[in-house]
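Trainee: The following block contains the structure, expressed as structure tokens.
Throughout, read-outs are computed from the coordinates displayed, never taken from laboratory work. Predicted, not measured: the structure shown is a model, and the values here were computed from it. With ideal geometry, Cβ positions are generated from the backbone for all residues, glycine too; neighbour counts draw on all protein chains shown.
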């Protein structure tokens, strides 16, 4: 669907084409909300190129997409008493077969119709498929600091899909 086909629509104080804040998101792994993460990076897809040099054509080469691959997703959050991420990593490290899980990163947008009435709605989601943990980093402790104890996990996945909502008030995911 091209941008010309999407109507400009105002919902509360936001227009449909306003950019979304990068600080309102949550993560689901295997259908379970895994908490609010402070950072998410590595949402990327890369196309591998097959370059063919045609005999007699010296000015350029032909390029074809060979295959695509998904980047490694890194999730960081404050450490708390839920061992879900570490347990999944530990299971992957100790077993030759690791359970792969699908997940979703959901972006929320704040919609305000007046000062007293504001709500957040999901506006975009990145679904990742057949993920497993590559790396887990635990918190760093320092008695002279008052920073949060953080943990992070890096996931390898096979595919990433972006889905957006064109109608924030109940439309379908595209």
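Trainee: For residue 48, project a label point 7 Å along Cα to C-beta. Then give me every residue of the stretch 55-77 with its amide nitrogen under 16 Å of that point.
Mentor: Those under the cut-off are 64-72.
Trainee: Calculated FRET efficiency, residue 143 and residue 21, Cβ-Cβ r, R0 30 Å, to nearest 0.05?
Mentor: Step by step, r from the Cβ atoms, then E = 0.30.
Trainee: By count of other Cβ within 10 Å, fewest leading, how are 80, 136 ordered?
Mentor: Going from least to most buried by this count: 80, 136.
Trainee: Assuming 0.36 nm per residue, please report the length gained on full extension of the stretch residue 130 to residue 97 beyond their Cα-Cα distance.
Mentor: Here the segment from residue 130 to residue 97 would lengthen by 10.6 nm.
Trainee: For 62, 20, which order do you get if you count the other beta carbons within 10 Å of each Cβ and list the fewest first?
Mentor: In order of increasing Cβ crowding within 10 Å: 62, 20.
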